[in-house]
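The values are calculated or read from the model by the stated rules, or taken from the named source; none is laboratory data. The model shown is predicted, which means the values in this text are computed figures rather than measured ones. Methodologically, a virtual Cβ is constructed for each residue, glycine included, from the backbone with ideal geometry; neighbour enumeration extends over all protein chains shown. Protein only, heavy atoms only, side chains kept; ligands, DNA and RNA dropped before computing areas. Shrake-Rupley method; radii C 1.70, N 1.55, O 1.52, S 1.80 Å.
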Amino acid sequence: EVTGIVTCLDCTPEAVNAAMENGANLIVSHHPVIFDPLKSVTENSLVYSLLKAGISVISAHTNLDQSKGGVNDTL
């Protein structure tokens with residue numbers, strides 16, 4: 001169940017803090033959190049912070065780029 005949503009361009013520590021402060025458990029971002037494969041998740045990583053806080057992330061990078069009127073059309 002979604003309790004609140006934070007939207008952002010990049011899922012940063014500040015976005016995670018904003019979600020936690022506002023009781024949101026979903027972040028919708030343009031850029032994905034993980035660009036390269038992870039070998040581990042350490043306590044000082046953004047992924048760890050998201051997991052610990054129970055916050056999910058949906059990233060629509062390619063969707064926005066390829067949509068009609070999206071980033072690729074603008075460029």
- [ ] Please list the non-local residues whose amide H lies under 5 Å from the amide H of V6, H modeled 1.01 Å from N, same-chain partners needing a gap of 5 or more.
- [x] L26, I27, V28
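Over the chain, with the other protein chains present, what is the accessible area per residue in square angstrom, probe 1.4 angstrom?
On a per-residue basis, the chain sits at 72 Å².
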Open item on the list: Given a Förster distance of 30 Å, report the FRET efficiency between S67 and N44 from their Cβ-Cβ distance, rounded to the nearest 0.05.
Closed with: 0.30
Task: Low-density loop positions, trypsin sites (Lys or Arg not before Pro), the chain - DSSP coil, at most 10 other Cβ in 10 Å - done: K39, K68
Open item on the list: Given a 1.4 angstrom probe, I'd like the percentage of the accessible area of the chain that is carbon and sulfur, rounded to a whole number.
Closed with: 53 percent
Task: Anisotropy class of the chain from Cα gyration tensor, a/c 1.5 cut - done: oblate
Open item on the list: Please compute the modelled spin-label separation between A60 and T7, points set 7 Å along Cα→Cβ, answer in nm with one decimal.
Closed with: 0.8 nm
Task: Extension gain, K52 back to L75 (0.36 nm per residue minus Cα-Cα distance, nm) - done: 4.5 nm
Task: At most 14 other Cβ within 10 Å, DSSP loop - GluC sites (Glu not before Pro), region 3-75 - done: E43
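Which whole-number percent is the relative contact order of the chain (Cα, under 8 Å, 6+ apart)?
On the way: 107 pairs, mean separation 21.8, N = 75.
Once divided by the residue count of the chain, the mean separation gives 29 percent.
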